[in-house]
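The block underneath contains the structure these notes are about, expressed in structure tokens.
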Amino acid sequence: MSEEIRSSDADPTTDQPVVADDGRSADPPVAQPAPPPQSLAGVGQALSWLGTLVKEVLQVVVPAVLLALAIHIFLAQATVVYGQSMQPNLQPAERLVIEKVSYYFGVPQRGDIVVLDLPQVAELLIKRVVGLPNETIEIRRGTVLIDGEAIDQSFVLLPGGTTYGPITLGADSYFVMGDNRSNSNDSRTFGPIHRDEIAGKAWLRYWPLNRFTLFD
């Protein structure tokens with residue numbers, strides 16, 4: 001007895017599709033890429049935020065720091081008064097702004113309060129210019145004479161009894177002294193200073209507020 005072959009039966013050796021029970025073709029499922037793990041997505045966001053932060057730092061913070069550094073080196077700087085050598089006109093812990101522009105276009109004048117950067121002294125010093133280049137300076141019992149003439153020292157509370165000189169200053173040399181003549185390490189000790197050792201000129205006293213002063 002021969003077997004009947006029904007047309008709905010598929011030969012397993014052929015490429016005909018398999019028919020699902022509901023009559024639709026049951027094609028093999030296509031593999032879909034798995035979503036990235038949540039931890040990797042968070043790392044990507046962090047790296048993106050970090051890149052933005054670095055960009056902002058380079059665009060804003062770095063130029064600001066360079067500008068502040070340039071101002072500090074070439075234009076002005078804040079400083080604090082230490083010691084008693086400039087009393088009564090400058091007191092310990094007072095805060096000043098030292099400007100450097102004036103001496104790019106001019107020279108120190110007698111009476112200027114200046115900051116000194118001396119190679120033989122570890123810290124900066126603040127003193128007053130007393131003697132100018134090519135002048136002869138002498139101190140007789142506290143009285144300062146320039147080229148034989150006594151100069152005004154009304155800003156000095158206690159001149160002291162110092163005797164010094166006479167000496168003649170060279171070109172670009174200055175004689176500096178503290179206003180507190182009896183308690184000051186100045187040109188009477190370390191000699192005249194060179195123009196290049198003057199770091200700047202006192203321009204403004206901004207602290208304490210009750211002693212706010214704009215210096216000449």
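The values are calculated or read from the model by the stated rules, or taken from the named source; none is laboratory data. Remember, predicted model here, so these are calculated numbers, not experimental data. Here the Cβ positions follow ideal geometry from the backbone for every residue, glycine too, while neighbour counts run over all protein chains shown.
For this structure, a couple of remarks:
- I146 vs. criteria touching a helix residue (DSSP H, G or I) at 6+ places or on another chain (Cβ under 9 Å), farther than 16 Å from L90 by Cβ and hydrophobic (A, V, I, L, M, F, W, C): no
- Checked against the criterion of being over 21 Å from K100 (Cα atoms) and buried (at least 16 other Cβ atoms within 10 Å of the Cβ), region 124-133 contains not a single residue that satisfies it.
For (1) under 12 Å from the mean Cα position of the chain (by Cα); (2) over 18 Å from I126 (Cβ atoms); (3) of a type in the set (S, T, N, Q); (4) modelled with pLDDT of 80 or more, each residue gets a yes or a no:
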residue	(1), (2), (3), (4)
A46	no, yes, no, no
E56	no, yes, no, no
V61	no, yes, no, no
H72	yes, no, no, no
P108	no, no, no, yes
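- Selection of first residues in region 147-172 that are in contact (Cβ under 8 Å) with a residue 40 or more places away in the chain and of second residues that are among the aliphatic types (A, V, I, L, M) and assigned to a strand (DSSP E or B), restricted to Cβ pairs under 9 Å at least 6 apart or on distinct chains, gives the following pairs, ordered by first then second residue: I151/V130; I151/V144; I151/L145.
- Residue list for region 139-174, restricted to those being of a type in the set (K, R) and either within 29 Å of T79 (Cα to Cα) or in contact with an Asp or Glu (Cβ under 7 Å, 6 or more places away or on another chain) (or both): none
- Residue in region 118-131 that is farther than 15 Å from N185 by Cα and modelled with pLDDT of 90 or more present: yes
- Among the residues of region 90-110, the ones that are part of a loop (DSSP other than H, G, I, E, B) and free of Cβ contacts under 8 Å to residues at least 60 places away in the same chain come to 6 in all.
- Residue identified as modelled with pLDDT of 95 or more, hydroxyl-bearing (S, T, Y) and under 28 Å from N183 (Cβ atoms) among T136, T79, T143: T136
- Failed item in (1) in contact with an Asp or Glu (Cβ under 6 Å, 6 or more places away or on another chain); (2) buried (at least 16 other Cβ atoms within 10 Å of the Cβ); (3) under 25 Å from G165 (Cβ atoms); (4) β-branched (V, I, T), with T136 passing the rest: (2)
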